[in-house]
Every structure is written in C-alpha cells, then in structure tokens.
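Q: Got a structure for you, written out below as structure tokens; questions coming shortly.
The values are calculated or read from the model by the stated rules, or taken from the named source; none is laboratory data. Quantities reported herein were computed from a predicted structural model and do not represent experimental measurements. Positions of Cβ are generated from backbone atoms using ideal geometry, with glycine treated the same way; all protein chains shown enter the neighbour counts.
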Amino acid sequence: MKLFVKVILILSCGCILFPAQATETPFKIGVIDMNEVLQKSPQRQALATELQNEFTPQRKLVMDLDKELQKLEEKAKRDGTILSQAERNQLEQTLLEKRKDLKRAQENYQEDLALQENKKAQKLFQEIGTLIDEMAQKEHYDLIVRREAAPFYVSKRVDITEKVVQALQQGK
C-alpha cells in the first residue's frame, strides 16, 4: 500500500511539474484482481487435477491405513472382554503402532501435497506475471497494480482482470 501511495505521489508531482508532457501522452493504468484470475484460469484447474492424480496413491494409502485401524478398534471393542490379557496387550500395542503409522502417513501426505502445490503455484504465478508483463508492453500500460493494493474504488475502465483471464484461456 505504501508503494502504491508513493507511486501515485511521484506521478502526481510529475504531472504538476511537467503539465505539457502529461497532456501529450496519457497515463495508462491497469488493475488486476489476482484472486479472480486464479479462480477462472484453466491452468489452476489443470494444476488441481494434476495434483489430485499425482497424489492418489498416497491418499489411498492413508485411507487404507485408516480403514485398517478402524477394523482393529472394532475388534478391540467387540472381542476385548473375551481375549486373554496377553492378547489384549498385543492388540493395544498393534493399535498404538497403527495410529502412529496413520498419523505419520497423513503428515507425509499433507507435507508432500503442500510442497508440490506451492511449487506448481509458483510456476503458475510466474506464467501469469509474464503474461501481464507482455500485455503491459503490448497495450502500453504505464502502471498495473493488484486490486488488493488499489484504493477502495476501481473503475471498470482500468480493470483488466478479464483481459488477463481471456489471455490465459487462449493459452497466450
């Protein structure tokens, strides 16, 4: 926000100090809602599908461990009174180990998924950033800011979110 205010102040001072130049070449500003761009981009949807497919085996492993643990817990409830003390102790030890295995598998799955998600999201952000740079140069924008950094009101005239989304959909 501070950077945005500084940029606006510098630009305003430039327009005051050099009014002839300010009227000769109009200042072109664009505003982008990155949340909307990400929600509507086909690349983000493809990324989600890719991650889901990539982590299906790991997710299945976690689900299988959970089912196995549930079966052992049901057995402990059902047969707990008829088992000998040694068998109950062995079953409790097995349950404890299975809980640890499940917790470890869940943590590994979540960490691996988050890591891959971050890597792929960074790549997508770079792709979007490159597209915005190309668009800014092609359409002669002087300044493009994120909607989150803009003032309370942004005119539709300067909102270029849909242009960016369309360019992403066209694969540019």
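Q: May I ask you to verify whether residue 160 is among the aliphatic types (A, V, I, L, M), modelled with pLDDT of 90 or more and under 21 Å from residue 26 (Cα atoms)?
A: Working: among the aliphatic types (A, V, I, L, M): yes; modelled with pLDDT of 90 or more: no; under 21 Å from residue 26 (Cα atoms): yes.
No, not satisfied.
Q: Still on this model: How many residues does the range 110-136 contain that are more than 26 Å from residue 164 (Cα to Cα), of a type outside the set (A, V, I, L, M) and buried (at least 16 other Cβ atoms within 10 Å of the Cβ)?
A: Narrowing the range 110-136 to residues more than 26 Å from residue 164 (Cα to Cα): 110-115.
With the extra rule that they be of a type outside the set (A, V, I, L, M), the set shrinks to 110-112.
After this cut, where a residue has to be buried (at least 16 other Cβ atoms within 10 Å of the Cβ) as well, the list is none.
Matching residues across the range 110-136 total 0.
Q: Let me ask you something else. For the range 120-133, indicate whether the set of residues that are of a type in the set (A, V, I, L, M, F, W, C) and over 26 Å from residue 169 (Cα atoms) is non-empty. Write out each step before concluding.
A: Step one: of the range 120-133, the residues of a type in the set (A, V, I, L, M, F, W, C) are 121, 124-125, 128, 131-132.
Subsequent filtering for residues that are over 26 Å from residue 169 (Cα atoms) retains none.
Within the range 120-133, none of the residues are of a type in the set (A, V, I, L, M, F, W, C) and over 26 Å from residue 169 (Cα atoms).
Q: Can you report the number of residues in the range 149-162 which are of a type in the set (D, E, K, R) and surrounded by 16 or more Cβ atoms within 10 Å (Cβ to Cβ)?
A: Residues of the range 149-162 that are of a type in the set (D, E, K, R), as a first pass: 156-157, 159, 162.
Among the residues that remain, those that are also surrounded by 16 or more Cβ atoms within 10 Å (Cβ to Cβ) are: 159.
Here the count works out to 1.
Q: What number of residues within the range 36-83 satisfy the criterion of being part of a loop (DSSP other than H, G, I, E, B) and over 20 Å from residue 104 (Cα atoms)?
A: Of the residues in the range 36-83, the ones part of a loop (DSSP other than H, G, I, E, B) are 41, 55, 80-83.
Now restrict to residues that are over 20 Å from residue 104 (Cα atoms): 41, 80-83.
Residues meeting the conditions: 5.
Q: Identify, please: which residue in the range 10-35 is more than 18 Å from residue 141 (Cβ to Cβ), assigned to a helix (DSSP H, G or I) and not small (Gly, Ala, Ser) and is, among those, modelled with the highest pLDDT?
A: The qualifying residue modelled with the highest pLDDT is 35.
Q: Within the range 50-106, take every residue that is of a type in the set (Ser, Thr, Tyr) and exposed (fewer than 10 other Cβ atoms within 10 Å of the Cβ) and give me the one that is farthest from the chain's Cα centre (by Cα). Give the steps one after another, and end with the answer.
A: Going through the range 50-106, the residues of a type in the set (Ser, Thr, Tyr) turn out to be 56, 81, 84, 94.
Within this subset, residues satisfying the condition of being exposed (fewer than 10 other Cβ atoms within 10 Å of the Cβ) are 81, 84.
On the way: 81: 50, 84: 52 Å.
Only one residue tops the list, namely 84.
Q: Sort out which residues of the range 142-167 are of a type in the set (Gly, Ala, Ser), part of a loop (DSSP other than H, G, I, E, B) and within 20 Å of residue 38 (Cβ to Cβ), and write them in order of number. Walk me through how you get there before you give the answer.
A: Step one: list which residues in the range 142-167 are of a type in the set (Gly, Ala, Ser), which gives 149-150, 155, 167.
From what is left, the residues that are part of a loop (DSSP other than H, G, I, E, B) are 150, 155.
The one that is of a type in the set (Gly, Ala, Ser), part of a loop (DSSP other than H, G, I, E, B) and within 20 Å of residue 38 (Cβ to Cβ): 150.
Q: Mind checking which residues of the range 137-148 are at pLDDT below 85 and loosely packed, with under 15 Cβ neighbours inside 10 Å?
A: The first filter runs over the range 137-148 and keeps only residues at pLDDT below 85, leaving 147-148.
Listed by number, the list holds a single entry, 148.
Q: Quick one: count up the residues across the range 89-117 that are of a type in the set (D, E, K, R) and touching a helix residue (DSSP H, G or I) at 6+ places or on another chain (Cβ under 8 Å). Walk me through it before giving the result.
A: As a first pass, look at the range 89-117 and keep what is of a type in the set (D, E, K, R): 92, 97-101, 103-104, 107, 111-112, 117.
From the residues that got through so far, the ones that are touching a helix residue (DSSP H, G or I) at 6+ places or on another chain (Cβ under 8 Å) too are 92, 98-99, 101, 112, 117.
The qualifying residues number 6.
Q: Right, another one. Which pairs have Cβ atoms under 8 Å, sit 6 or more apart or on different chains, and link a residue in the range 36-52 that is in contact (Cβ under 8 Å) with a residue 12 or more places away in the chain and at positive phi to one that is of a type in the set (D, E, K, R) and part of a helix (DSSP H, G or I)?
A: none
Q: Let me ask another. Among the residues of the range 91-101, are any of a type in the set (Asp, Glu) and over 15 Å from residue 61 (Cα atoms)?
A: Filtering the range 91-101 for residues of a type in the set (Asp, Glu) gives 92, 97, 101.
Pick out the ones that are also over 15 Å from residue 61 (Cα atoms) and you get 92, 97.
The answer is yes, given that some residue of the range 91-101 is of a type in the set (Asp, Glu) and over 15 Å from residue 61 (Cα atoms).
Q: How about the range 84-105: which of its residues are more than 15 Å from residue 70 (Cα to Cα), in a helix (DSSP H, G or I) and not acidic (Asp, Glu)? First the steps, then the outcome.
A: So the first thing to find is which residues in the range 84-105 are more than 15 Å from residue 70 (Cα to Cα), and the list is 84-90, 104-105.
In the following step, the residues that additionally are in a helix (DSSP H, G or I) were identified as 85-90, 104-105.
Listed by number, the residues that qualify are 85, 86, 88, 89, 90, 104, 105.
Q: Just checking, does the range 128-139 include any residue being assigned to a loop (DSSP other than H, G, I, E, B), touching a residue at least 12 places away in the same chain (Cβ under 8 Å) and either within 30 Å of residue 28 (Cβ to Cβ) or not charged (D, E, K, R) (or both)?
A: Of the residues in the range 128-139, the ones assigned to a loop (DSSP other than H, G, I, E, B) are 139.
Cutting the leftovers down to touching a residue at least 12 places away in the same chain (Cβ under 8 Å) gives us 139.
Then drop every residue that is not either within 30 Å of residue 28 (Cβ to Cβ) or not charged (D, E, K, R) (or both), which leaves 139.
The answer is yes, given that some residue of the range 128-139 is assigned to a loop (DSSP other than H, G, I, E, B), touching a residue at least 12 places away in the same chain (Cβ under 8 Å) and either within 30 Å of residue 28 (Cβ to Cβ) or not charged (D, E, K, R) (or both).
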